[in-house]
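Accompanying notes for the structure given below.
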């Protein structure tokens with residue numbers, strides 16, 4: 001008697017029909033058959049995109065519910081003129097659809113800070129530096145607040161640039177830097193005595 005393999009249920013990305021596959025194929029199974037896959041790919045990307053957006057009425061974010069890539073950015077497969085297809089970021093696709101091409105030297109900034117949002121009103125083309133400064137990383141928050149994590153004023157006289165081990169510069173509080181340095185030197189002297 002042949003052993004039955006366990007199967008998991010997956011919903012077709014094209015027609016929402018539930019179908020069963022073996023667990024090892026569940027992550028890759030998106031369509032229940034080749035015809036459904038071909039039909040879905042023939043639908044214009046903007047129509048497919050609109051079917052996978054939920055609007056948050058409080059924030060007015062258009063939240064992408066489809067496939068996401070690293071850091072939660074939505075992706076959509078777009079057919080190319082040569083017959084193939086390539087994945088594109090949904091927020092970039094929406095920005096280009098509404099505002100036109102993005103210049104090579106600019107990136108898209110989410111003004112709402114929600115990575116899977118694709119509302120064109122929440123997207124702005126900016127330089128990478130501006131995008132970084134608007135970010136919520138610890139160093140950016142410290143830089144924008146005007147004080148270090150210990151509360152020292154980060155003005156021109158109390159801030160200095162140092163090099164990280166990867167060669168990139170960073171802005172540090174001079175008071176904290178020298179306090180850490182004195183502590184390190186004291187530990188070093190104590191270890192040698």
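Arranged by the count of other C-beta atoms within 10 angstrom, fewest first, what order do 20, 96 take?
Numbers: 20 12, 96 15.
Going from sparsest to densest Cβ surroundings: 20, 96.
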Practice item. Rounded to the nearest 0.05, what FRET efficiency do residue 152 and residue 59 give with R0 = 41 Å and r taken as the Cβ-Cβ distance? Could you check? Key: 0.75
**Study point:** Segments 148-159, 115-126 sorted - mean Cβ within 10 Å per residue, highest first
**Key:** 115-126, 148-159
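Starting from the exponent 0.38 and prefactor 2.2 Å, build the expected Rg for region 86-193 from its residue count and divide its actual Cα Rg by it.
Working: Rg = 20.3 Å, N = 108, 2.2 N^0.38 = 13.0 Å.
It is 1.56.
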Study note, to complete from the structure: Taking 93, 19 and counting other beta carbon atoms within 10 angstrom, the fewest-first order is 19, 93
Check your understanding: In whole angstrom, how far apart do the alpha carbon centroids of region 105-134 and region 20-74 sit?
Key -> 22
**Study point:** Label point distance in nm, residue 46-residue 133, each placed 7 Å from Cα along Cα→Cβ
**Key:** 3.5
Review point. How do 49, 111, 63 rank when sorted from fewest to most other Cβ atoms within 10 Å of their own Cβ?
Key: 111, 63, 49
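Can I get the semi-axes of the chain's equivalent ellipsoid? Compute them from the C-alpha gyration tensor as square roots of 5 times the eigenvalues, in angstrom, largest first. Please list the in-between numbers first.
Numbers: eigenvalues 459, 130, 45 Å².
The answer is 48, 26, 15 Å, longest axis first.
Want the number for residue 77 to residue 26: 0.36 nm per residue separation, take away the alpha-carbon distance, what's left?
Working: separation 51, 0.36 × 51 = 18.36 nm, distance 1.93 nm.
Going from the current span to full extension adds 16.4 nm.
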**Study point:** Net length gained if the chain between residue 88 and residue 181 were fully extended (0.36 nm per residue, minus Cα distance)
**Key:** 28.8 nm
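Sorted from largest to smallest, which semi-axis lengths in Å does the alpha carbon gyration tensor of region 37-78 give for its equivalent ellipsoid, taking the root of 5 times each eigenvalue? Walk me through the intermediate numbers first.
On the way: eigenvalues 91, 37, 8 Å².
One finds semi-axes of 21, 14, 6 Å for region 37-78.
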Practice item. Rounded to the nearest 500, what is the 222 nm mean residue ellipticity of the chain from helices alone, with -39500 (n - 2.57) per DSSP H run of 4+ residues and division by all residues? Key: -8500 deg cm²/dmol
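Read the figures in this text as sums done on the coordinates, not as results from a lab. Note that this is a predicted model, so its numbers are computed, not measured. Every residue, glycine among them, receives a Cβ derived from its backbone with ideal geometry; neighbour counts consider all protein chains shown.
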